[in-house]
Every structure is written in C-alpha cells, then in structure tokens.
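K.L.:
Let me give you the structure first, and then I'll get to my questions.
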Amino acid sequence: MSSRPHTDVAVLMRCERIDNRWQPWRWSLADVVPQEPAFGTAPRLLRQDEREEHWLFPGFTVELFRDDAEGYHLNLSSPAPCWFVLWRLDEVTEAQPRPLARPVAVSLSYHDAGRWLDAQESVEQVPAPPPVCAALRDFVEAHYAPEPRRRQRPDSFRSLQDRFGSPASVSTQKRRGPGEGRG
C-alpha cells in the first residue's frame, strides 16, 4: 500500500422498481460507508423485497493525491462536500436477466467527477460525513496553494481589428486634403 493518505470504503447501491414499461428498474447510489472486515470482498445482496433491493460493494480505497488538492478544495468549498461514485451496469445474461449496477471508483475530487462526467459515465454523489470532511480539510490546508491570478493586459495592448476581423492600424499623422502640399 502507498504512503498516501487513504480510507477504505464500501458502496451501497439501491435498485428500485419504477412504473415505466421501458425501464422497470432504476439504480441509484444509496451511501458510501467505512469498510469493515465483516463486509468481505465480494458484492452481496443485503435486502430485497418486491419494490427494491440494496447491494453492498466492499473494497474501495480512496487515496488523496497532492496534485489533486484543488479538486478536493472545490469539493470542500461546495455547499455540501460529498463522495463521488462512478458506476456501470453489467451486461444482461441468462443468469442475470436484470443488469447489476457495479461501482467502479470512489473519489472526493471534483476533478475526478468532472472527468468521469465528460466521458459520459454514470456518476452520483452522496454527502461525506464530518470526520471525512475534517480529514480532507487538513489535507487541503497542507497541500493546496491557489494559483496566483494572472494580470490581464489592458485593452490598449491588444491588436486592433476592423469589423471584419482584419488587422487595423491607427495613424497619429494629420490627414491632408487633396489640395494641400506635402512640403
């Protein structure tokens, strides 16, 4: 295991029956909880009735990386800091007629969540508990340094363009009329 700060977690997914003929079931993220030895390593069905199922997916390690301190800072500065979970649906098979939603990754970084969403992945969030937020805040305070704001150049330094986008020039010489001499 690396020397980076980390926490081991398990993901709880919920599958609920919905009244829709195209999609009779809907998966959603239920919670992210601290990993416990009793969870084991394999996913398992915790509870099932005619309306919903709850599945436990243990064995996720959430590491904190110094070069992603800005992503953690953005999460902490949001109104509700949270866990981000990337999950995918399994393929439908004869043995598994309804797809199972499997978590793939868990993170505390806005940057990770943004990359996953840009890749068209299924990403959901649940609130992070206060002890996790406190540890994340300590990490951010130790490793996050905001980039200095770059000074914007005044408009007087920008090149001039005419209304068609072509370069334009300004002359400070006096315009002379057709009858005036140059000499």
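K.L.:
Any idea what Rg and Dmax come out to for the chain if you just take the C-alpha atoms, in Å?
P.N.:
Cα radius of gyration and Dmax of the chain are 28.0, 101 Å respectively.
K.L.:
Residues in the range 83-114 near a label at Arg66, defined as backbone nitrogen under 20 Å from the 7 Å Cα→Cβ point?
P.N.:
Residues 108-112 qualify, since their backbone N sits under 20 Å from the label point.
K.L.:
Still on this model: I want to check the label-to-label distance for Ala95 and Lys174. Put each point 7 Å from Cα in the C-beta direction and report it in nm to one decimal.
P.N.:
With each label point 7 Å from Cα toward Cβ, the separation is 9.5 nm.
K.L.:
Still on this structure, I have one more. Long-range amide H contacts for Ala128: which residues qualify at under 5 Å (H placed 1.01 Å from N, peptide plane, sequence gap of 5 or more or a different chain)?
P.N.:
Cys82, Trp83
K.L.:
Same structure again: Go through the range 52-61 residue by residue and turn each phi into a ³J(HN,Hα) via Karplus (6.51, -1.76, 1.60, θ = phi - 60°); whole Hz please, and just put x for glycine and proline.
P.N.:
For the range 52-61, the Karplus curve yields 7, 10, 10, 10, 10, 10, x, x, 9, 10 Hz.
K.L.:
Place a +1 charge on the Cβ of each Lys and Arg in the range 6-143 and a -1 charge on the Cβ of each Asp and Glu, then give the dipole magnitude about the Cα centre in debye, rounded to the nearest 20. The partial results should precede the final answer.
P.N.:
On the way: 13 positive and 22 negative charges, 67 e Å.
Charge dipole of the range 6-143: 320 debye, to the nearest 20.
K.L.:
Say the dipole of the chain comes from +1 at the beta carbon of Lys and Arg and -1 at that of Asp and Glu; which of Phe139, Met13, Val126 then lies farthest toward its positive end?
P.N.:
The Cα lying farthest towards the positive end belongs to Phe139.
K.L.:
Points 7 angstrom from Cα along the Cβ direction at Gln161 and Ala119: gap in nanometres?
P.N.:
The answer from the label model is 3.6 nm.
K.L.:
Also, I was wondering about something else. Using 1/(1 + (r/R0)^6) with R0 = 22 angstrom and r between the beta carbons of Ala80 and Asp138, what's the FRET efficiency to the nearest 0.05? Before the final figure, lay out each step's value.
P.N.:
On the way: r = 19 Å, r/R0 = 0.87.
The computed FRET efficiency comes out at 0.70.
K.L.:
Oh, and also: If you plug each phi of the range 126-131 into the Karplus form 6.51 cos²θ - 1.76 cosθ + 1.60 with θ = phi - 60°, what whole-Hz ³J(HN,Hα) values come out, in order, with x for Gly and Pro?
P.N.:
For the range 126-131, the Karplus-derived couplings read 9, x, 8, x, x, x Hz, x marking Gly and Pro.
K.L.:
When a footprinting reagent is the concern and you count Cβ atoms within 10 Å, what order do Ser122, Ser166, Ser28 take, fewest first? Please list the in-between numbers first.
P.N.:
On the way: Ser122 17, Ser166 8, Ser28 14.
Fewest-to-most ranking of Ser122, Ser166, Ser28: Ser166, Ser28, Ser122.
Taken together, the values in this text are just the output of simple stated rules run on the coordinates, not laboratory data. Because the structure is a prediction, the values reported are computed rather than measured. Note: ideal-geometry Cβ built from the backbone for every residue, glycine included; neighbour counts use all protein chains shown.
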